[in-house]
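Report on the following structure.
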Amino acid sequence: MMRELEYFLSGKIKEECGVFGVFNVKEASTLVYYGLHSLQHRGQEGTGIAVSTGEKISREKGEGLVSEVFNSEKLDKLQGKMGIGHVRYSTSGGGGIENVQPILIRSHLGDFVIAHNGNIVNAKELKMQLEAKGSIFHTTSDSEIIGHLILREVGEFEEKLMKALNHLEGAFSFLIMNKDTMYVIRDKNGFRPLSMGKLEEGFVFSSESSAFEIVGAEYIRGLNPGEVLIVSKDRIESKQYTESTQNKMCAMEYIYFSRPDSSINNLNVHNSRRECGTILAKESPVEADIVIGVPDSSLSAAMGYSNFSGIPYEIGLIKNRYVGRTFIKPNQKQRERGVKMKLSAMEAVVKNKKIILVDDSIVRGTTSKHIIKLLKDAGAKEVHMRIASSPITNPCFYGVDTSTYSELISNTLNLKELTEYIGADTLNFLSLEGMYEGLGKNICTACFTGKYPTSMFSLLENLK
Ligand code: SF4
C-alpha cells in the first residue's frame, strides 16, 4: 500500500525520499533503476532518472512506483555512463509531476539536475529573497532553491555550488549532476544518510547502503556532515562546504525508515533495533507467554526483547504484501478497514495468550489501537504494548512528516490515558537514555525532546 495512504489510514510516520547515483558504469540508467527499487520504501509518489553521456543530459520521470514509471523502452532512451535518480515523498511543496525529481535546471552554465532527500528549513525566506531578485520557480518543491542559489553566485560551477550550500539550513542529501561531473553532498548536521560504494571502475551513491547489494557494489563509507564529493573522469575529491558541522543523524532512520540491511554511520539498522528491544526488555519487563512485533520495522526490536526476556518470539501478525494502491479519501471507517487490509492476527498463535506487542513508535495512536483490537478479536488474553523508542511529542522540520503538535498523541495524553485509548493492558516506551544507548549519541532526537539542532528562527518561519 502506498505509504501516504498508510499514514492517513494508520497514523504512521511519512517517509522522506531517497536518492541513488552511479558514475562511470555501463548501463547507468538500468543500475539507477535497480537502486531506486531498493529505496522504494522511502517514497512512492513519484520517481525519475537523469543520465548524462558526458555531453548531454536526458531525463525521464513520472508519478507512481519505480516499476510503474519505467520500462525497458524508457530506460533505453537514457543513454550514458553517469546518472542520478530519486524516489519522492512530498514532505514539502506538495505532489504533482512538476515536483517529481531529478529537477532539471537549464541555464547559461549548461543543464544540471538535482535530486534531494530532506527538507530545507529556511526555504520560505530564501525563496522570497530569490524571487525578489527575479528568480522564477517552476516547482513548489524546496529542492529547486539550490538550483537558483547556484545560478546567482559568481565563479565556476563548483565555486558557485560551495557558496550556495552555505545559504541552506536544514536537512539535505543532494546528488547534483551537470554534463560531466557529479556532486554528492551531505548537510552540515548530517541529518540524512548518504553512502558511497565502488562498482568496478565506477562509483555508486545511495541514501541507504542496502541498495548497493542489488547492483553488486561494495560499500566504502558514509559521507561526513558538510562533505561535498566531486566526481568527474579526472578526479574524485572530497571537500567541506563548511567546517561548522555536527553529527545529528535522524534517530528515525534507525527506528523506522531505513531497511534493516542498511548501515548508517557504521551501525547496522537491524542490530540497532535489536539492541533497542533488548534495552526495552531490561527497562520494562512484564510477564507474558509470547513476544510479537509489528511487521516489518519492529521485528528486530521484538527479537531483542524476546532474547533478553527469555519469552518466546512468535509471528502473531501477518502483513498482506499485495494490497494494491488505492486513492479513496480515508474516513475513520476506511482507516480501520485499511489496517485490516494490511495486517491480520494469527489466531492459532495469539488465542488465549498473554502477549508482549513490540512496535517502533506511536504517532497518532490509531495504528496501535487497531492492532490491539485485531489481537483481542483473535482471542489474545492480554496485550502489553512496548515501544522501542521514546514518546514523539514534537514535529520534525527536517523532512519527516511527524504531524503537528496537536496530532501527536503523546502530546495530548499521559501514559495512563494513552494506555486506555489504545486498549492495551500495559504500555511502556523506551527511555531517552535507552535510545542513546542503543543508537549512539550522534543522533537527532528533536521529535522526542523538542531540542532542535538548528536555529529556531528558521523553524518558526517555516511554521507560518
Ligand atoms: S526531529 Fe525526529 S524525525 Fe526529524 S530528523 Fe530529528 S529525529 Fe528525525
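Between the range 270-296 and the range 182-217, what's the alpha-carbon centroid distance in Å?
Rounded to whole Å, the Cα centres lie 31 Å apart.
The chain: longest stretch without exposed chymotrypsin sites (Phe, Trp or Tyr not before Pro) (DSSP loop, at most 13 other Cβ within 10 Å), sites themselves excluded?
With chymotrypsin sites (Phe, Trp or Tyr not before Pro) excluded where exposed in loops, the chain gives 1-321 as its longest stretch.
Show which lysines lie in cross-link reach of Lys179 when reach means a straight Cα distance below 17 angstrom and same-chain residues fewer than eight apart are skipped.
Output for Lys179: Lys26, Lys56, Lys77, Lys81, Lys160, Lys233.
Quick one: Kirkwood hydrodynamic radius for the chain, alpha-carbon pairs, angstrom, one decimal?
22.7
Points 7 angstrom from Cα along the Cβ direction at Met341 and Ser107: gap in nanometres?
Between Met341 and Ser107, the label points sit 4.3 nm apart.
For a quick size check, give me the Cα extents of the range 237-277 along its three principal axes, largest first, whole Å.
Between the extreme Cα coordinates on each principal axis of the range 237-277 lie 37, 19, 15 Å.
Given R₀ = 30 Å, what would the calculated FRET efficiency be for Glu98 paired with Thr53, taking r from the Cβ atoms and rounding to 0.05?
0.75
Where a ≥ b ≥ c are the square roots of the eigenvalues of the C-alpha gyration tensor, would you call the range 264-463 rounded, which needs a/c under 1.5, or, failing that, prolate if a/b is larger than b/c, or oblate?
Because a/c hits 1.5 or more and a/b fails to exceed b/c, the range 264-463 counts as oblate.
Counting other beta carbons within 10 Å of each residue's own, what order do Thr278, Thr412 fall into, fewest first?
The most exposed by this proxy come first: Thr412, Thr278.
Going down the table (Lys282/Lys441; Lys373/Lys441; Lys282/Lys369), which pairs top 31 Å between alpha carbons?
Lys373/Lys441
Determine the relative contact order of the chain: mean sequence separation of Cα pairs under 8 Å and six or more apart, normalised by residue count, in whole percent.
The normalised contact order for the chain reaches 15 percent.
Name the trypsin sites (Lys or Arg not before Pro) in the range 19-94 that are in a loop by DSSP and that have at most 10 other C-beta atoms within 10 Å, would you?
Counting only loop positions with at most 10 other Cβ atoms within 10 Å, none of the trypsin sites (Lys or Arg not before Pro) in the range 19-94 qualifies.
Taking the simple approach of a point 7 Å from Cα along Cα-to-Cβ for both Glu153 and Lys124, what is their distance in nm?
2.6
Given a Förster radius of 30 Å and the C-beta distance between Lys282 and Asn224 as r, what FRET efficiency does 1/(1 + (r/R0)^6) yield to the nearest 0.05?
Efficiency, from the Cβ-Cβ distance: 0.35.
What's the exposure ranking of Ile97, Ile371, going from fewest to most Cβ atoms within 10 Å?
Ile97, Ile371
Most exposed first by the Cβ proxy, i.e. fewest other Cβ within 10 Å, how do His138, His86 rank?
His138, His86
With a ≥ b ≥ c the root eigenvalues of the C-alpha gyration tensor of the range 3-247, is it rounded (a/c under 1.5), prolate (a/b larger than b/c) or oblate?
The shape class here is rounded.
Looking at the square roots a ≥ b ≥ c of the eigenvalues of the Cα gyration tensor of the range 98-146, which shape do they give, rounded for a/c under 1.5, prolate if a/b is larger than b/c, or oblate?
oblate
Laboratory data are not the source of any read-out in this text; all were calculated from the coordinates shown. In this text the structure is predicted, and so the values were computed from the model without any measurement. A quick note on method: Cβ atoms are made from the backbone with ideal geometry, for glycine too, and the neighbour counts reach across all protein chains shown.
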